[in-house]
Structure formats: structure tokens, C-alpha cells
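Asks: Before anything else, here's the structure in question.
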Amino acid sequence: MEWSLNAIAKLAAGAAVAVILAIAPVARAENLLVSSDGSTPGLLDADKAAPILNSLMTPVQPFVSGNGGSTTSIQQIGVNDYATSGIDGNGSLAVIQQSGTNNRAVQAINGSNSAALLVQGGSDNSVVQAINGDRDFQLVGVSGNNNQIAYVQNGDDLAGALTIGGSNNTVLAIQTPASGRYLMPVGINGLSNATVVIGPGKMYVFPKSKR
């Protein structure tokens, strides 16, 4: 899935442009995730993940600071795509950028000064992003087909990024304070027919049975 800054900027006008530009680092997140630790699935060390995630969070800071209103932006290009976002709190940001066919996305934020960002392409992918806490950040990039992803944060001051490609994968990521502040799995972008479970300090990859 290729996203250029110029292409993103052309998708919206006015205030929407500012929101989309704020998530432009998503385009770089895939490369950073894949190149950080080779092809072996695992969790990136917090010391290595911190500077990457901090650089991704910087552009959205104007949208998630203070006690002002929250911002929701949904951009969809394709056929039969579905997206919904809900925010209960102040100064939070929810952004969905979707293309492709039959992709589905749901975002829910319960808290303040948090951000949920999604860039999704491919076909028949489903993503659920849920945040319960303040000052949280999660970024998800999805390509490929027939992938099901759920990323749940429960706690304050959490940050993470996921990139999922391949096909027929099921990914569940749960991040709490016990996980540490930074969550960045690597080596899962090229998986196919796998179930990935990510919990506090642990990551498990199970092959799906072939039918």
C-alpha cells in the first residue's frame, strides 16, 4: 500500500486537509515497522520503539492538546467500504482513510487528548480500534486481504503502531500500562493464514489450520 504526502493532501480541502496531513506519517510507519527487526515476528524493544512512535505522534499534537473539541475525519475511496468513528471526551482525534473494496473500520475513543489513526487498503479487511484512557495514541496500517484486526488500549499515556499485510490473518492487540508505554510489533506485515495475539510483554503467532 503506497501513500504519498501529495496524494493524501489532494483527498480533502480546508480543515480536512490538515487532518489528513496530520496522519501522513502513517505512510512511513509500514517501512519502519518492517525494517526495524527483520522478518522474525516479535515486539520491538521500547528503547527502539520510543523515537519512532514519538516522531509519528508529533504531527497530531495540535489536534490532541487542550480541552477543546474533538475531531473526526473519514475519507473513503472504493466500493462498499464502511467506516464509523465515535469519541466521548475532549481534544481527541479519530481519522480513517480507506480505499479498496469491502473494507470495514470502527473506531471508539473514551477519553481525552487521544488519537486513533487508520490507513487501510486492500480488500475485505476489518479493523476495530478502541481506546479507553487519556493521552493515548494508536496508528494502524492495513493492506492485503481478508485480515481481521482489533487493537485495544486500556489505560493512560499509551502509544503503539501496527502494520498488517498478507492475507487471512487475525490480529488481536491489547495494550495496558503493564505492556509499557510503547507497543510496536515487527515481522507481522508479511504473514498469511496466522492468528497473532499481542498482550502485555508477549506476542504469540499461531498458524491457522488449512482447510
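The values are calculated or read from the model by the stated rules, or taken from the named source; none is laboratory data. Keep in mind it's a predicted model, so treat the numbers as computed, not measured. Neighbour counts run over all protein chains shown; Cβ positions are idealised from the backbone, glycine included.
Asks: Looking at segment 56-82, I want the residues that are closer than 29 Å to T101 by Cβ and among the small types (G, A, S) and have a partner that is modelled with pLDDT of 90 or more and surrounded by fewer than 18 Cβ atoms within 10 Å (Cβ to Cβ) with Cβ atoms under 7 Å, at least 6 apart or on another chain. Which pairs are those?
Replies: Short answer, once both residue conditions are applied: G78/T101.
Asks: Being β-branched (V, I, T), within 26 Å of A83 (Cα to Cα) and assigned to a loop (DSSP other than H, G, I, E, B) narrows it down to one residue among I174, I188, I149, I198; which is it?
Replies: That would be I188, the only listed residue that is β-branched (V, I, T), within 26 Å of A83 (Cα to Cα) and assigned to a loop (DSSP other than H, G, I, E, B).
Asks: Go over the candidates G144, G78 one by one and state the one that is farther than 22 Å from T176 by Cα and at pLDDT below 90.
Replies: The match here is G78.
Asks: Go through (1) more than 17 Å from L53 (Cα to Cα); (2) surrounded by fewer than 22 Cβ atoms within 10 Å (Cβ to Cβ) for T176 and report which single condition fails.
Replies: Of everything listed in (1) more than 17 Å from L53 (Cα to Cα); (2) surrounded by fewer than 22 Cβ atoms within 10 Å (Cβ to Cβ), T176 misses just condition (1).
Asks: Listed residues S65, S73; which is over 15 Å from Q138 (Cα atoms) and buried (at least 20 other Cβ atoms within 10 Å of the Cβ)?
Replies: The match here is S73.
Asks: Among the candidates S112, S99, single out the residue that is among the polar types (S, T, N, Q), outside any helix (DSSP H, G or I), in contact with a strand residue (DSSP E or B) (Cβ under 8 Å, 6 or more places away or on another chain) and surrounded by fewer than 23 Cβ atoms within 10 Å (Cβ to Cβ).
Replies: Of the residues listed, the single one that is among the polar types (S, T, N, Q), outside any helix (DSSP H, G or I), in contact with a strand residue (DSSP E or B) (Cβ under 8 Å, 6 or more places away or on another chain) and surrounded by fewer than 23 Cβ atoms within 10 Å (Cβ to Cβ) is S99.
Asks: Being in a loop (DSSP other than H, G, I, E, B) and farther than 24 Å from I198 by Cβ is the filter here, so list the residues in segment 52-82 that pass it.
Replies: S65, G66, N67, G68, G69, S70, N80, D81 - these are the residues of segment 52-82 that are in a loop (DSSP other than H, G, I, E, B) and farther than 24 Å from I198 by Cβ.
Each row is one residue, and each column tells you yes or no for (1) at pLDDT 90 or above; (2) over 30 Å from G199 (Cβ atoms); (3) among the charged types (D, E, K, R).
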site	(1), (2), (3)
A15	no, yes, no
A22	no, no, no
P25	no, no, no
L32	no, no, no
S39	no, no, no
A50	yes, no, no
T84	yes, no, no
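Asks: Somewhere in segment 123-142, is a residue crowded, with 18+ Cβ neighbours inside 10 Å, under 15 Å from the mean Cα position of the chain (by Cα), charged (D, E, K, R) and within 20 Å of S73 (Cα to Cα)?
Replies: Yes, that holds for at least one residue.
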